[in-house]
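This report refers to the structure that appears directly beneath it.
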Amino acid sequence: MTAPAGGAVAFLGPVGTFTHQAVLTWARERGTLGGPGAGSDEEPGAGPLRPEPLGTVGEVHDAVASGAADRGVIAIESSVEGHVVPSLDALVGSPDVVAVDEVVLDVSFDAFVRPGHDPGALTEATAHPHGLAQCHRFTASRGLRAVPASSNAAACRDLAGHQVAYGPRLCGELYGLETLAERVEDFPGARTRFLVLCRRDDAPAVLRGTDAPAWRTMLAVTPVVTGPGVLARITAAFGERGVNMSSLVTRPLKVREGQYVFVVTLDAAPWQPGVRDLFDDLLAAGDSLKVLGAYPAEPGGRGLDGVLPDHVPTGGVRRGDDAATVARGLLW
Ligand SMILES: O=C(O)C(=O)Cc1ccccc1
């Protein structure tokens, strides 16, 4: 896929968010970059693709849906915190916007303070909710109160003298801040996946112009008739058609308690063998389906080595454990 020449790319701003870095990475990998906001990543002779910082993920969706932006980039999933729920719900709820590409970034947070701050007067830590969640230990060790911000860069830009902000290293320089500590995240090596959005009506042409060895599809499956075994029926259909499911997330339909949409990621494109048959099986069973995105799969794939015994939740039990351990893990 190439980035659209001359197009605006909307992202969660202000300048300096991780999402901004995702835009720059995507433009470098797939196409061209230039114009205001491109900063030091502007390449000589590159075409004028314009990063456009917006205030919220909702505004990014609206800009893409209305045509004000050619593409939008949103953070969708962290390897530590899981899905960015407002981004996921916006995609599930949008009739006009779909994902056509993916960018994955390493994410590390530095802790910033205002120059000249009183060290004894620091009472709050501020960042995007995912930033706060990923730096929980630092916040707790300093006895700070967590205050959510619309983005990590917004927290840095608007930092008050009694606050510590968590954000990308670049934000220190951008917003004239002092670095209190580097790499303050609880789990080093965290990665965040970002999706590149375009208008649903433009997606088939964009995807036809994309050459990739492997694909993923994000699909919303809503069983209209619920009852025992519904999820088993859906997962069995995947097995019967030989389509691998690499992620399954449940989100409430919001209109009525106890009703859910399943957001499934499958390791194939909608046009690949078996997938259309799978969709037909689910439609025949009465499910409502919506493809939320189709994009080239990250090289190497995910979880192919299996889950290491040390990495399963502590207190979980397995075949071969003694009876007392099993009884404790399963409660009886
Ligand atoms: O706030 C930011 O910098 C974002 O781009 C959203 C986000 C928050 C936490 C991890 C990755 C992206």
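The values are calculated or read from the model by the stated rules, or taken from the named source; none is laboratory data. As the structure is a computational prediction, the values presented were derived from the model and not from experiment. Here Cβ is always computed from backbone atoms with ideal geometry, including for glycine, and neighbour counts include all displayed protein chains. Protein only, heavy atoms only, side chains kept; ligands, DNA and RNA dropped before computing areas. Shrake-Rupley method; radii C 1.70, N 1.55, O 1.52, S 1.80 Å.
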Query raised in the report: Within the set of pairs 6 or more residues apart or between chains, which connect a residue that is without any contact (Cβ under 8 Å) to a residue 40 or more places away in the chain inside segment 274-297 to a residue that is β-branched (Val, Ile, Thr) and assigned to a loop (DSSP other than H, G, I, E, B) with Cβ atoms less than 6 Å apart?
Result: GLY274/VAL243
Query raised in the report: For segment 201-216, does any single residue satisfy the condition of being touching a Leu at 6+ places or on another chain (Cβ under 8 Å) and on the phi < 0 side of the Ramachandran plot?
Result: yes
Query raised in the report: Looking only at segment 83-95, which residues are among the small types (Gly, Ala, Ser) and either assigned to a loop (DSSP other than H, G, I, E, B) or within 16 Å of the ligand (Cβ to nearest atom) (or both)?
Result: SER87, ALA90, SER94
Query raised in the report: Which one of the conditions (1) crowded, with 22+ Cβ neighbours inside 10 Å; (2) within 10 Å of the ligand (Cβ to nearest atom) does VAL80 fail to meet, given that it meets all the rest?
Result: (1)
Query raised in the report: Mind checking which pairs have a first residue in segment 15-31 that is among the charged types (D, E, K, R) and a second that is more than 7 Å from the ligand (Cβ to nearest atom) and open to solvent by 20 Å² or more (accessible area, probe 1.4 Å), Cβ under 8 Å, 6 or more apart or different chains?
Result: ARG28/ASP41; ARG28/GLU43; ARG30/MET1; ARG30/THR2
Requested in this report: Would you mind finding the one in ARG276, ARG256, ARG251 that is open to solvent by 30 Å² or more (accessible area, probe 1.4 Å), assigned to a strand (DSSP E or B) and either on the phi < 0 side of the Ramachandran plot or among the basic types (Lys, Arg) (or both)?
Outcome: ARG251
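Here is a yes/no grid of residues against (1) more than 23 Å from LEU180 (Cβ to Cβ); (2) in contact with a Cys (Cβ under 7 Å, 6 or more places away or on another chain); (3) within 16 Å of the ligand (Cβ to nearest atom):
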position	(1), (2), (3)
VAL97	yes, no, no
VAL103	yes, no, yes
ASP106	no, no, yes
GLY120	no, no, no
THR123	no, no, no
ALA133	no, no, yes
PHE138	no, no, yes
VAL147	no, no, yes
Query raised in the report: Which one of these does ARG193 not meet: (1) within 16 Å of the ligand (Cβ to nearest atom); (2) open to solvent by 40 Å² or more (accessible area, probe 1.4 Å)?
Result: (2)
**Report entry** Residue check for ALA236: free of Cβ contacts under 8 Å to residues at least 12 places away in the same chain and open to solvent by 30 Å² or more (accessible area, probe 1.4 Å)
**Finding:** yes
Query - Unmet criterion (only one of (1) modelled with pLDDT of 95 or more; (2) touching an Asp or Glu at 6+ places or on another chain (Cβ under 7 Å); (3) surrounded by 20 or more Cβ atoms within 10 Å (Cβ to Cβ)) for LEU33 - result: (1)
Requested in this report: Give the number of residues within segment 114-149 that are farther than 25 Å from ALA22 by Cα, open to solvent by less than 20 Å² (accessible area, probe 1.4 Å) and not in a helix (DSSP H, G or I).
Outcome: 0
Report task. Test ALA268 against the criterion of being open to solvent by less than 70 Å² (accessible area, probe 1.4 Å), assigned to a loop (DSSP other than H, G, I, E, B) and in contact with a helix residue (DSSP H, G or I) (Cβ under 6 Å, 6 or more places away or on another chain), and give yes or no. Result -> yes
Query raised in the report: Which condition breaks for VAL184 when tested against (1) more than 16 Å from the ligand (Cβ to nearest atom); (2) at pLDDT 95 or above; (3) among the β-branched types (Val, Ile, Thr); (4) buried (at least 17 other Cβ atoms within 10 Å of the Cβ)?
Result: (1)
Query raised in the report: Are there any helices (runs of 4 or more DSSP H) wholly within segment 152-232 with 3 or more residues that are within 23 Å of LEU91 (Cα to Cα) and more than 18 Å from the chain's Cα centre (by Cα), and if so which?
Result: 203-208
